[in-house]
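Presented below is the structure to which this report refers.
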Amino acid sequence: MNRFTLSIVLLGICGVLSAADLPLVDPPPGKVLLVAQPHHDDHTTDYGLAGVILRFIADGYKAYYVRGTNDEKDGRLGFPRNDMMNLKETYDALRILGMEDHVINLNWRNNFETSYALNDQREQLIFLVRKYKPDAVAGHNAWEHYQKNPGHRNLSWNYEEAYWLAGYRNVHPEHFEMGVGPHETYHYFGKARLDWGRGHRPNVILEMTEEQVKVKEKAIHAHQHVYANPGGARSTRTRLALQGLYLPELEDVDDDTTAGNMMIEWNMNWISRRWGKEANVKYGEDYYYMGEFYHLPGLKEFLDENVEAK
Ligand SMILES: [Zn+2]
């Protein structure tokens, strides 16, 4: 029994956990993690998935990245060049994280998903689940309240429907003529801003090492086109100065791009520590986890009470 199984069992035995006690889990046994998100940087941001990706890869998983949109709205270069630059930086980040070296690029037009037939995007995701046969899937949590970003909302709904529907023989049976079959995936890790209002709360934490936090910080720096923001460092200095304050760390750096990167790292480090604290470890990432017996709570309770380690 690894810590993943054990923690789920303990959840059942311990009953109600206090708000500050989220269980630590390990990646479940398996070989393939399929991450599907709308944008180039979603796997690396401060509230992103880099920690879980690093943990799965450290356990021997292959991890693949599905980029749902063409990212044309994110950046300063105009639609076509934003798309190209963000695609390049997606590759840069997934190499830093150790993911498989190709992006599965669905290329839906950024922020226009709602006017498309969403079933088409869902069908693409069903096909990818059948093709890559993931043991675990990860992406945005569709039940994140107050999410304004249409890409996050639409792709997450489609992906959560897709990884479940992919196991049904009567769903898109035409796929089977292309050499794939039904595939069932039981482990879903949904990432979201779950701390900004009512809705799903995270129910598990994955611990990260200090080294993995550093890799996560390095990965977000791959998206320099969007995140390197000299103006952010300048305006922070100005706002502090207006109150007669200064931050020695920022004063010592005369390059505003470097100062902007440092601010990203402070935020990244803070969020890793903030969620680690929930499980009494130094660094962590929070997830809403749905497991193999999520839909069968009675069976889960029986297993929690009766399963034993071999
Ligand atoms: Zn995004």
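The values are calculated or read from the model by the stated rules, or taken from the named source; none is laboratory data. In this text, all values refer to a predicted model and were calculated from it rather than measured experimentally. As a convention, Cβ positions derive from the backbone with ideal geometry for all residues, glycine included, and neighbour counts pool all protein chains shown.
What to note about this one:
- Candidate set: region 154-194, residues that are out of contact with any His (no Cβ under 8 Å at 6 or more places or on another chain), over 18 Å from Lys133 (Cβ atoms) and of a type in the set (S, T, N, Q); chosen: the one surrounded by the fewest Cβ atoms within 10 Å (Cβ to Cβ): Asn170
- From the options Tyr132, Tyr116, residue that is at pLDDT 95 or above, away from the ligand (no atom under 14 Å from the Cβ) and either in contact with a His (Cβ under 6 Å, 6 or more places away or on another chain) or not acidic (Asp, Glu) (or both): Tyr132
- Some residue of region 184-205 being in a strand (DSSP E or B), away from the ligand (no atom under 16 Å from the Cβ) and among the β-branched types (Val, Ile, Thr): yes
- Against the numbered list (1) touching a helix residue (DSSP H, G or I) at 6+ places or on another chain (Cβ under 6 Å); (2) closer than 11 Å to Ala142 by Cα, Ala162 comes up short only at (2).
- Pair list, Cβ under 7 Å, 6 or more apart: region 228-244 residue within 19 Å of Gly75 (Cα to Cα), other residue among the hydroxyl-bearing types (Ser, Thr, Tyr) and at pLDDT below 90: Ala228/Thr257; Pro230/Thr257
- Helices (runs of 4 or more DSSP H) lying entirely in region 236-310 (those with 1 or more residues that are modelled with pLDDT under 90, under 24 Å from Asn141 (Cβ atoms) and under 19 Å from the mean Cα position of the chain (by Cα)): 256-277
- A single member of Asp83, Asp71 is free of Cβ contacts under 8 Å to residues at least 60 places away in the same chain, crowded, with 22+ Cβ neighbours inside 10 Å, in a helix (DSSP H, G or I) and among the charged types (D, E, K, R), and it is Asp83.
- Put simply, of Leu87, Leu77 the only residue that is within 13 Å of His225 (Cβ to Cβ) and within 16 Å of the ligand (Cβ to nearest atom) is Leu87.
- In region 23-68, the residues that are hydroxyl-bearing (Ser, Thr, Tyr), within 14 Å of the ligand (Cβ to nearest atom) and either farther than 27 Å from Glu210 by Cβ or in contact (Cβ under 8 Å) with a residue 60 or more places away in the chain (or both): Thr44, Thr45, Tyr47
- Residue match in region 153-167 (condition: in contact with a strand residue (DSSP E or B) (Cβ under 7 Å, 6 or more places away or on another chain), part of a strand (DSSP E or B) and more than 27 Å from Gly75 (Cβ to Cβ)): no
- Any hit, region 157-171, residues being within 14 Å of the ligand (Cβ to nearest atom) and closer than 18 Å to Tyr287 by Cα: yes
- Residue count for region 86-124, restricted to those that are aromatic (Phe, Trp, Tyr) and assigned to a helix (DSSP H, G or I): 1.
- Residue check, Val226 more than 16 Å from the chain's Cα centre (by Cα), within 16 Å of the ligand (Cβ to nearest atom) and part of a helix (DSSP H, G or I): yes
- Any hit, region 139-153, residues being crowded, with 22+ Cβ neighbours inside 10 Å, more than 19 Å from Asp41 (Cβ to Cβ) and either in contact (Cβ under 8 Å) with a residue 40 or more places away in the chain or within 16 Å of the ligand (Cβ to nearest atom) (or both): no
- Only a single item in (1) free of Cβ contacts under 8 Å to residues at least 24 places away in the same chain; (2) of a type in the set (Gly, Ala, Ser); (3) part of a loop (DSSP other than H, G, I, E, B) is not met by Gly181, and it is number (1).
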